[in-house]
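See below for the structure under consideration.
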Amino acid sequence: MAWAQGGPSPEAVRRNERGAALLKEGKLEEAVAEFREAAQTDSGYVAALMNLAYAYDRQGQIGEAIAAYGKVLEGDPENSLARNNLAVLYGRQGRHDEAIHELEQVLQRDPPHASAAKNLEVAKRNQAIVRDRDQQLARAVKESEARPADPRAAYAVARLYALHSQTDQALTWLTLALDLGLEDVQSVTVDPALVGLRNDPRFKSLVEGRQVQKTPPR
């Protein structure tokens, strides 16, 4: 990447300032276009790249924001703000190991960086939560594999996936439990662990198709 020497060009500055004004007005798409043009005019214009990353973040385009912060760090690896913000975005994507790595680098260079220290605590806490979740799931899956004909074992896996908002996996294991002959299908529809599945049409179709209507004795 070619980095601007002697400051950005007047055209790049104009574009960046225009983008900042548009950002204040809430015109995110137009602001992104201006910041992008400023960064393309002078590829080493850190302010424009930082603004571009922030605007992408505001749009919910996390991948693009990460890429923009990455470009900043290519030419300015000691930019603590860019690295801290990048770590926050990694955390939103569940990439906690990468977030921790970035934040530890910030604190190595700038130990008093309060925001990075706080974000590092959050990242480590979230990393521990994810590891605990993965261990729970691994144990439940192993138990189900040891009892392949037991619908309750498969159902236990489905419940865990549902509790952790992993809908596709939860539905896969719930289907297996029902295929194995899970009884009392009605209880599935009111199980608190599955509340996150109930608005999914696949869940409704799956359960409604398996409910058994018992004929009362005469």
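Angle of helix 62-75 to the longest C-alpha principal axis of the chain, folded into 0 to 90 degrees and rounded to 10: 40°. Per-residue packing, averaged as other Cβ atoms within 10 Å, sorts the ranges 34-40, 61-67 into the order 34-40, 61-67, beginning with the highest. For Cα extents along the principal axes in Å, the candidate list reads (1) 92, 37, 27; (2) 61, 40, 28; (3) 75, 35, 25; the entry that matches the value derived from this model is (1). Entry note, the stretch 76-127: relative contact order of 37 percent, from Cα contacts under 8 Å with a spacing of 6+ residues.
Beyond 28 Å between alpha-carbons counts as too far, so tell me which of LYS27/LYS118; LYS24/LYS71; LYS24/LYS124 fall in that bin. Check vs 28 Å cut-off fails for LYS27/LYS118; LYS24/LYS124. Across the chain, the mean sequence separation of Cα contacts (distance under 8 Å, 6 or more residues apart), normalised by length, yields a relative contact order of 10 percent. For the stretch 81-89, the Karplus equation 6.51 cos²θ - 1.76 cosθ + 1.60, evaluated at θ = phi - 60°, returns couplings of 5, 4, 5, 5, 5, 4, 4, 4, 5 Hz by residue, with Gly and Pro reported as x.
For a footprinting-style exposure proxy, rank SER80, SER165, SER9, SER144 by other Cβ within 10 Å, fewest first.
Numbers: SER80 17, SER165 9, SER9 14, SER144 22.
Ranked by crowding around the Cβ, least crowded first: SER165, SER9, SER80, SER144.
Angle between the Cα long axis of helix 46-59 and the longest principal axis of the chain, 0 to 90 degrees, nearest 10? Compared with the principal axis, the helix lies near 30 degrees. Could you state the angle between the C-alpha long axis of helix 114-146 and the longest principal axis of the C-alpha atoms of the chain, as a value from 0 to 90 degrees rounded to the nearest 10? Roughly 30 degrees between the two axes. Return the tail of the calculated pair distribution for the stretch 10-127, meaning the percent of Cα-Cα pairs more than 23 Å apart. Taking all Cα-Cα pairs of the stretch 10-127, the fraction more than 23 Å apart is 31 percent. Taking max minus min of the alpha-carbon positions on each principal axis, the stretch 147-210 gives extents of 28, 23, 17 Å, largest first.
The local environment of PRO77, defined by Cβ-Cβ distances under 15 Å, has a net charge of -3 under the rule Lys, Arg +1 and Asp, Glu -1. Of the GluC sites (Glu not before Pro) found in the stretch 144-214, those that fall in a DSSP loop while having at most 10 other beta-carbon atoms within 10 Å are GLU183. So what's the gap between the Cα centers of the stretch 161-198 and the stretch 120-159, to the nearest angstrom? Taking the Cα centre of each part, the stretch 161-198 and the stretch 120-159 sit 15 Å apart. Summary value for the stretch 11-84: 24 percent relative contact order, contacts being C-alpha pairs under 8 angstrom separated by 6+ residues.
Quick note: the coordinates plus some simple rules give every number you see, no bench work behind them. Owing to the predicted nature of the structure, the values given are computational and were not obtained by experimental measurement. Backbone-built Cβ (ideal geometry, glycine too); neighbour counts: all protein chains shown.
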